[in-house]
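Data block below; observations after.
The values are calculated or read from the model by the stated rules, or taken from the named source; none is laboratory data. Small disclaimer: the values here were computed from a predicted structure and weren't measured. Virtual Cβ from ideal backbone geometry, glycine too; neighbours counted across all protein chains shown. Heavy atoms of the whole protein, side chains included, go into the accessibility calculation; ligands, DNA and RNA do not. Shrake-Rupley method; radii C 1.70, N 1.55, O 1.52, S 1.80 Å.
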Amino acid sequence: MTHINTNWFLAFFGALVALELVKSSENNEYMKREHSLVRPFQGVGVILPHWDFLGNTMVTSNYIRLTPDLQSKSGALWNYSPVMGRNWEVHVGFKVHGKGNELFGDGFAIWYTKDRMQTGPVFGSKDHFSGLAIILDTYSNHNGPHNHQHPYLSAMVNNGTWSYDHDRDGTHTQLAGCEVRFRNVDYDTFISIRYENDVLSVSTDLEDRNEWKNCFVVNNVELPTGYFFGMSATTGDLSDNHDIHSFKFFDIDTTISHDEILRRSNIIPNAKTFEAPREHKEDPKPGMSNAKIFFILLLVVLVTAGVAIFAISYYKDRNARKRFY
């Protein structure tokens, strides 16, 4: 009986191992390694297979730090190879953390764009880009009205003619967005970006539950083939560590012809539901600060006191002269 149980156990264990290997093989076929980053990262410090990095980016075996928690830093990470599939999904593992409790910034962006490895003012990358930007903005610039809190996750589709308005946190050109909370947690946080049949879906796993929570879905988004994935981050007067822990690209095309790839490569990025940029209105002038009000009141009190002292002295002097005569 013991011999039979042992054989049964070995057979069962072998079946589990074989099933796991099949799953692993299927996942490896599904995930395109030439567009992916998986820990441990090889080529630490100098070369990263399939990827370029620039600026203050630092590569370790466990994470890729786009910026350290220091002021005025910028870094980026860009994939070598253009994406030739029409339908795809990416999962990005990241961690944003730092010493600041009340003030921190600025955030980072995930790109699918025509140009790569170009620095600029939009979270460390170029403005007037052509393609898609998924922006995780951690600091509110408070210029112009907002109907959301930060951190904020949003998307922008650009054909190269529009400028990202950083002073207004991109609210005048955003496609969609949602409020998120991901700073200073002791576990990995994830974002999923799925583009299938011209539908853009963005979801998050920010609570360590191993399940996706929908952020937004936008129909009629047209993106070309042949663009590049990248990630960039920047700090200014405020700072944070912006770390990338993984980037997994999944090709979800069942079949796509060479002619379809060529046709899609000529598409100009656009979103049919995208609203035209709102009128760029000047922000209302801020009211006086408490310090200004204090000094103005102090000045009024001093002037009033001076006038009162002068008046009292004048009347005393006048009365003294009357008694003398």
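So for region 269-281 (the condition being open to solvent by less than 40 Å² (accessible area, probe 1.4 Å) and modelled with pLDDT of 95 or more), does at least one residue qualify? Yes, because at least one residue in region 269-281 is open to solvent by less than 40 Å² (accessible area, probe 1.4 Å) and modelled with pLDDT of 95 or more.
Residue 61 passes every criterion in (1) in contact (Cβ under 8 Å) with a residue 40 or more places away in the chain; (2) in a loop (DSSP other than H, G, I, E, B) apart from (1).
Name the single residue, out of those in region 64-101 being among the aliphatic types (A, V, I, L, M) and more than 16 Å from residue 138 (Cα to Cα), that is surrounded by the most Cβ atoms within 10 Å (Cβ to Cβ). Among them, the one singled out is 76. Scanning region 193-207 for residues that are β-branched (Val, Ile, Thr) and under 17 Å from the mean Cα position of the chain (by Cα) returns 193, 202, 204. Criterion applied to 114, 99 was being farther than 18 Å from residue 176 by Cβ, over 16 Å from the mean Cα position of the chain (by Cα) and modelled with pLDDT of 95 or more, and the one residue passing it is 114.
When restricted to residues that are more than 13 Å from residue 135 (Cα to Cα) and in a loop (DSSP other than H, G, I, E, B), region 168-217 contains 17.
In region 196-254, what count of residues is obtained for those that are hydroxyl-bearing (Ser, Thr, Tyr), closer than 30 Å to residue 101 by Cβ and surrounded by fewer than 22 Cβ atoms within 10 Å (Cβ to Cβ)?
Final tally of qualifying residues: 3.
Matching residues to (1) of a type outside the set (A, V, I, L, M, F, W, C); (2) closer than 23 Å to residue 228 by Cα; (3) not in a loop (DSSP other than H, G, I, E, B):
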{"site": "72", "(1), (2), (3)": "yes, no, no"}
{"site": "75", "(1), (2), (3)": "yes, yes, yes"}
{"site": "85", "(1), (2), (3)": "yes, yes, no"}
{"site": "108", "(1), (2), (3)": "no, yes, yes"}
{"site": "131", "(1), (2), (3)": "yes, yes, yes"}
{"site": "140", "(1), (2), (3)": "yes, no, no"}
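From the set of residues in region 110-120 that are polar (S, T, N, Q) and part of a loop (DSSP other than H, G, I, E, B), which is farthest from residue 159 (Cα to Cα)? In this case the residue turns out to be 119.
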